[in-house]
Each structure stands twice: as C-alpha cells, then as structure tokens.
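Novice: Sharing a structure with you now.
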C-alpha cells in the first residue's frame, strides 16, 4: 500500500527522471525541431504571423514539451498539479483573436502531423530505458496501479505589441529579457538544457 504523500513524491521523481531522459535524447530533440519547422511552414500559421506583424506585434515561439505522469489507482487517477506558467500579456482585440488563431493553427499541425507519433515513440523508449524512472514505475505497478505517460506538446506563441522600437531589441539582449517574462522557469530550464531557442517569427 502506497500512501498519498509517498505516491506524490514518486510522481515528482518520475517526472524529473522523464525530463532528464529526454534532455539527453538527441533523436527527441531532432524530432521536436522537425515538428517546429513543420508548424513554421504551415500556410495558416504563416498567415496568422503575418497578420500579427502587420499590426505591429512581435511573435516569439518555441515548441515546449511537458511530461505529465499519472497513476491510475482503484480509487481514481493521481497526478501532480500543473506546473506554474508565466502569466500571459493582456492583448486587445483584434490582436487577441489573431493570437488565438495562431495557436489554434499550430495545434492543428501538431495533431495531424506524423512527427507527433514519432515523438511519442521516442519519448516512451527513452523514458522506459531510464533506470530511475523504471525503478519507481515498477514499484507502483507491483502495488497494483498503472503508470500513464503523457506528452503535452503546446505550440508556444507569445505576442507582444511593439511598444519599443524594433531596432532597440535586435542584438541588444532585450529579446531574451522579454522571453524570460513570457516563459515559466521550468520551460526556460528545459529549453536551455536541450539547446532550443525561442525565436521571433
């Protein structure tokens, strides 16, 4: 019998081990970049970005994977609370509508793309090969529970109005400061570990 406190601690350790496994997996990084390129080439995505830029907005994007581990027990599903996300900027219409259109277009590419299936396969292989993860998962399964691994792929797109002249942002480090305010600390840590940069479209 695993008590609630112990189970949540095991969940934390499994999610940490899963992210560690993916950070070290080159195939996962390459598939992630391939999916990002697929999103960037999508006509609907490009149209949304163009419409936002025509209105003077700046668009920053990066594909950030989140690993969510759930445990199915006889009493229901146990999961950790969602990780803290950076508060989005308040946007006025029609920029808010165009931003939602961009995110919807990117999500549609993720759902229909074959790369998503490849990412799921790589993720399962890499995580299950991690000894720390497998040790904890085996203990949970021996207790009669089921471990479920979920990959949440959100096409991150942050839009900011160009309240500062663009020339002051390029090459000055201010873009990085903006991104630090847009992404959660966990997201920034993961991107840095994988060598991924959030870029302006």
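What follows is calculated from the coordinates using simple rules that are stated; it is not laboratory data. Keep in mind that what you see is a predicted model, and the values were worked out from it rather than measured. All Cβ positions, glycine included, derive from the backbone under ideal geometry; neighbour counts span all protein chains shown.
Novice: With labels modelled as points extended 7 Å from the Cα through the Cβ direction, what inter-label distance (nm, one decimal) is found for residue 146 paired with residue 24?
Specialist: 2.9 nm
Novice: Relative contact order, percent, of the stretch 21-83 when contacts are C-alpha pairs under 8 Å separated by at least 6 residues?
Specialist: 16 percent
Novice: What nm distance separates the two modelled labels at residue 117 and residue 93, each placed 7 Å from Cα along Cα→Cβ?
Specialist: So the label points at residue 117 and residue 93 sit 4.1 nm apart.
Novice: Fully extended, how many nm does the chain gain between residue 6 and residue 72 (0.36 nm per residue separation, minus their Cα-Cα distance)?
Specialist: Working it through step by step, the gained length comes to 22.3 nm.
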